[in-house]
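Report on the structure given below.
The values are calculated or read from the model by the stated rules, or taken from the named source; none is laboratory data. What you see is a predicted model; the values in this text were computed from it and never measured. Here the Cβ positions follow ideal geometry from the backbone for every residue, glycine too, while neighbour counts run over all protein chains shown. Surface accessibility is based on the protein's heavy atoms, side chains included, excluding ligands, DNA and RNA. Shrake-Rupley method; radii C 1.70, N 1.55, O 1.52, S 1.80 Å.
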Amino acid sequence: MTSHSPAAVPLLEVRDVTKRFAGIAALSGVSLSATRGQVHAVIGENGAGKSTLMKILAGVQLPDSGQILLDGKPVRIDSVQRALELGIALIHQELNLSDNLDVGANLFLGREPRRFGLIDFGKIREASRQYLQMVGLDIDPGTIAGDLTIGMQQMVEIAKALSVDARLLIMDEPTSSLSQHETEALFRVIRRLREQGVTILYISHRLGEIIELADTVTVLRDGENAGHLSRDQISHDAMVQRMVGRDISKYYARAEHPRGDVMLELKQLRTSTWPAHALNFKVHAGEIVGVAGLVGAGRTELMSTIFGTQRAVSGEVLVAGKPLRLRHCRDAIDAGIAMVPEDRKQQGLILEMGIRMNVGLPGLERHRHLGGFLNRQKERADSDRMIAEMKIKSSSDMLPTQFLSGGNQQKVVIGKWLSMHPKVLLLDEPTRGVDIGAKQEIYRLMEELAASGVAVLFVSSEMEEVLSMSDRTIVMHEGKISGELRRDQLSEEAVMQLATGNPVAAAST
């Protein structure tokens, strides 16, 4: 492990950086410091501000206030190109290689060396071999990037960063798509880069990786600094304790309802994203069950598989005790399952259409006259009822939904499914991007649905929602169910222990 003198000038200093989006603080007075040849981990729950901070450092976004210093000198990073000139490179979670180009062309894309005005392919191949060797990748630079494994592509991204003389390398969830073997190879490269004096900012939800790699840890919570851990302080529990601990008293509290019959049951269900893990659980009528986990845990894939928009590899979904043959989402709808998707604009609404037509979409069959024409009177009645029940604020039910606020758009998405009187309601991030008033309305609605006997299964990345609204919480980690918590067992720490793959610690909290 490389040691550093406390008197040495840090390579990077972030001082009181603040960033707001539409008046909401993504970062508020955040500071950190990283020295040369150090692996500095940045951790926090979903929405803690990690990615925003990294985008600022990489020149993708500008801070509203605060300072960034390199080698003790203030710098303005107003573009990706400027970041690269300063020696800062960001490796995104979603890799940015051009699959149709060869490795050498990817390494020098936009920076091709020239000879007599023409691209010097010989120099590209020679230099590429040097940088590929630095990351331990023994491949021909003429190999097409799309033919490489994800792990190899990750190494090419690192080699590309080194080719611009990066001295600060930002890695955002670098192992999310890697096998164990590829992950171990990446760790060897990271250690080698550290020995060569490269500073690495490392973002990961996998705390075991942080324990293995990091020299120091900065913890963010709700866009603010929540703690700093030196190497001898880094432990799973120490990180989890600093990631959690918010006051949840302002959020909606659940009332207790009698639990009815099993309304939704999964038996050995395997999703196409995580086929190695069989999922088994039940949701009763009148019950609200939360699904918690970190980014990439498999929560959205679970919901999509239950609803039939993603095909299951194997296993069964039962509604009210009857097996469901899921060939299409229409099969789920006909069985009484409704789903509010994570992305309302892309998957939940037709933005150019009015409220009435959006609400009426799932019930087109029900609203038909015998001759096949649409029964406008029924459609209007459903729309009027949902606007009243959901308290949707609009001048007209014909107003295109693109002109509604985020909260009212979400109410339209929920309302269109409630007009179908579902037995099971799936909610994927139901309050994402809505204000506190709209959140309270959605919480009230979930409560009323449970009281009426609907089985509610919801995914949320907001810990407050999970703790406040769940009768039970199913926690997922890397595609499997790592544990289940009753309401009397629920705590932020217990959820986070399971979400980060530590069921033993969760059971003892």
Stretched fully, the stretch from Glu448 through Asn96 gains (0.36 nm per residue minus C-alpha distance, one decimal, in nm) 122.2 nm
Would you kindly state how much longer the chain becomes between Leu399 and Glu184 on full extension, computed as 0.36 nm times their sequence separation minus their alpha carbon distance, in nm to one decimal? 72.0 nm
Highest mean first, how do 236-244, 474-482 rank when packing is the count of other Cβ atoms within 10 Å averaged over residues? 474-482, 236-244
Net lengthening on full extension, Arg325/Phe116 (0.36 nm per residue, minus Cα-Cα): 68.7 nm
Please sort through the DSSP H helices of the chain and keep those with an alpha-carbon extent of at least 15 Å along the long axis and a Kyte-Doolittle average not below -1.0. 121-134, 150-163, 180-195, 406-418, 436-451
Cβ-based charge dipole, the chain, positive-most Cα from Gly260, Met386, Gly47: Met386
Tell me the per residue accessible area of the chain using a 1.4 Å probe; a whole number in Å² is fine. 44 Å²
Could you name the lysines in cross-link range of Lys160, using Cα to Cα under 25 Å and dropping any fewer than eight places away on the same chain? Lys50, Lys55, Lys123
Listed residues Trp274, Trp417 arranged by accessible area, highest first, probe 1.4 Å: Trp274, Trp417
Neighbours of Pro503 by Cβ distance under 12 Å: Lys/Arg at +1, Asp/Glu at -1, summed charge 0
How big is the charge dipole of the stretch 10-244 about its Cα centre, in debye rounded to the nearest 20, if each Lys and Arg gets +1 on its Cβ and each Asp and Glu gets -1 on its Cβ? 640 debye
Out of Ser65, Tyr131, Val240 - ranked by how far each Cα lies towards the positive end of the dipole of the stretch 10-244, with unit charges on the beta-carbon of charged residues - the top one is Ser65
Ellipticity estimate at 222 nm from DSSP helix runs (n ≥ 4, -39,500 (n - 2.57)) divided over the chain, nearest 500: -9500 deg cm²/dmol
With θ set to phi - 60° and the Karplus curve 6.51 cos²θ - 1.76 cosθ + 1.60, what are the ³J(HN,Hα) couplings of the stretch 108-120 in order, to the nearest whole Hz, using x for Gly and Pro? 10, 4, x, 10, 4, x, 10, 9, 6, x, 10, 4, 8
State to the nearest 20 debye the size of the charge dipole of the stretch 261-500 about its Cα centre, where the only charges are +1 on K and R beta carbons and -1 on D and E beta carbons. 900 debye
Set Lys and Arg Cβ to +1 and Asp and Glu Cβ to -1, take the dipole of the chain about its Cα centre, and tell me which of Gly360, Ala83, Leu213 lies farthest positive. Gly360
My understanding is that a pair violates if its Cα-Cα distance is over 25 Å; which of Lys345/Lys393; Lys378/Lys416; Lys345/Lys480; Lys345/Lys439 do that in this structure? Lys345/Lys480
Describe numerically, in nm with one decimal, the distance between label points set 7 Å from Cα along Cα→Cβ at Ser79 and at His228. 3.3 nm
Note on the stretch 10-244, DSSP bridge orientation, antiparallel percent to nearest 5 equals 60 percent
Please get the size of the charge dipole for the chain, origin at its Cα centre, with Cβ charges of +1 on Lys and Arg and -1 on Asp and Glu, quoted in debye to the nearest 20. 880 debye
Heavy atoms only, probe 1.4 Å: what % of the accessible area of the chain goes to carbon and sulfur, would you let me know? 49 percent
